[in-house]
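S.K.: The structure under discussion is supplied below as structure tokens; questions concerning it will follow.
Read-outs throughout are calculated quantities, based only on the coordinates presented, and are distinct from any laboratory measurement. Fair warning: this is a prediction, and the values are worked out from it, not measured in the lab. No Cβ is skipped: glycine too gets one built from the backbone with ideal geometry, and neighbour counts run over all protein chains shown.
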Amino acid sequence: MKILYNQNYKKLMIKQLKEQLIFLLQNSEEFLIVVNMDGVDFNPPLPDEIMNGFSSDFMPFAIAGYTFKSAFVENDTFIFEAGFGSDNIGAMVYIDIDRILQIIIGDNPIFINVTATIPKTQPKNSFDVFANNPKNKKFFKK
């Protein structure tokens, strides 16, 4: 699974995601995205009671109606306006494109980004983790 950490592969996924999003927007095709929430920002920030309702690392967003009309791609960010909670509190949503896991139309996933499940920072190898633990200093010569 080393390929998932390859920066060129990640760039390819971002390019393909952007092309898919732009194509759907240009062709007036409403869709759903499933997003890794570590790449999502809200402006203005949503109240805690709404944010606490996002109980999963991955959440769906329906890109339909007014949300669809407000949606656009800017650089490596997918941006749209949406309402949240029972009071329909409005916020601009900024999603790092590389954190979009799926694009779905109806019941059909049309795109899957396998790199969206990978943490943004590359894990260190096991030796580095071991060596950087202060409790393990006794195993190394000074």
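S.K.: For a Förster distance of 35 Å, can you work out the FRET efficiency between the beta-carbons of Asn27 and Asn52, rounded to the nearest 0.05? The partial results should precede the final answer.
M.R.: On the way: r = 36 Å, r/R0 = 1.04.
Plugging the Cβ-Cβ distance into 1/(1 + (r/R0)^6) gives 0.45.
S.K.: Over the alpha-carbon set of the stretch 2-139, work out the extent along each principal axis and list the three values in angstrom, largest first.
M.R.: 61, 35, 27
S.K.: Here's another thing I want to ask about it. Between Asp107 and Asn6, what is 0.36 nm times their sequence separation minus the Cα-Cα distance? Round to one decimal in nm.
M.R.: 33.3 nm
S.K.: Roughly what would the spin-label model give for Asn43 and Lys15, points 7 Å off Cα along C-beta, in nm?
M.R.: 2.8
S.K.: Can I ask one more? Normalising by the residue count of the stretch 2-139, find the relative contact order in percent from Cα pairs under 8 Å and 6+ residues apart.
M.R.: 27
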